[in-house]
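Structure record follows, encoded as C-alpha cells.
Where a number appears in this text, it was derived from the coordinates with a stated rule and is not lab data. Keep in mind that what you see is a predicted model, and the values were worked out from it rather than measured. Reconstructed Cβ throughout: ideal geometry from the backbone, glycine too, with neighbour counts over all protein chains shown.
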Amino acid sequence: MGWGCFWGKQRGPLVPLKTGSINAHVYRYLLCHWLLPVLENVRADLGNLLFQQDNVKIYTAKLMLSFFESYTVPLKSHPAYSPDLNPIEHVWTLLKRQLQVDYPNLINYPGGPNKVKAKLVEVLPLCWEKIPPKQFEMLWGSMPLQVQAVIDAKGWYTHY
C-alpha cells in the first residue's frame, strides 16, 4: 500500500507504506508531510485545484474533513456509489506493470513476507520514476472525456 499523486505530466511523490493498514491519523500524517508541500508548488503554477479522493471512511472521517478545511484544500465530492474516475487508479495499474517487468520474481524474495514488503518499500519508488510523464499527462487530459462518458451513460458503465 502506498500514497502518491500527480498533476498534468508532473509526478508527485510516491510514499510506500511499511504497514498494510491505514487509519485517519496515518492518512492525515501522509497528507501533512507529502500533499501540502505539493499543493504549495502546484498552486503557484496552476492556481487552486481540487483534491480528488473516493469515499473511503478514513478519507471522510471528521479528522480529515477538518484537516482539509483548516488547510484550505478544496475537495471534489463524490456520490456514495459513483464510478471511480480518479486517474491515480490507472497509475497504480501502470506501477504494478512496471514492478512486474523490473522485479518479476519479487514474490520469491528470500526471507518471507516481511522481507518482500521491505523490498517493495525500496523498489516501488524506482518503478514510479520509470512511468513516462506522457502517461501521467494522458490520464490527466482524459478526465473531461471520462466525465462526459459517465454523464452520457447516466452513471452506468463506460469503457474507462
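Would you tally the net charge around residue 56, using a Cβ to Cβ cut-off of less than 13 Å, leaving residue 56 out, and scoring K and R as +1, D and E as -1?
Taking every other residue near residue 56 into account, the sum is -2.
Among the listed pairs 57/154; 9/117; 9/130; 9/76, those whose Cα-Cα separation exceeds 22 Å are 57/154; 9/117.
In Å, the Kirkwood hydrodynamic radius of the chain over pairs of distinct alpha carbons?
Kirkwood hydrodynamic radius for the chain: 17.4 Å.
Using the Cβ of residue 122 as centre and a radius below 14 Å, the other residues enclosed give a net charge of +2, where K and R count +1 and D and E count -1.
In terms of its C-alpha gyration tensor, the range 48-127 has a prolate overall shape, because the principal axis ratio a/c (a ≥ b ≥ c, square roots of the eigenvalues) is not below 1.5 and a/b outweighs b/c.
Taking the Cα centre of the chain as origin and assigning +1 to Lys and Arg Cβ atoms and -1 to Asp and Glu Cβ atoms, the resulting dipole is close to 380 debye.
For the chain, relative contact order (Cα pairs under 8 Å, six or more residues apart, normalised by length) works out to 31 percent. Where only DSSP H runs of four or more residues are counted, the chain gives -15500 deg cm²/dmol as its mean residue ellipticity at 222 nm, each run worth -39500 (n - 2.57). Excluding the site residues themselves, the longest part of the chain lacking any trypsin sites (Lys or Arg not before Pro) in a DSSP loop with at most 15 other Cβ atoms within 10 Å is 19-153.
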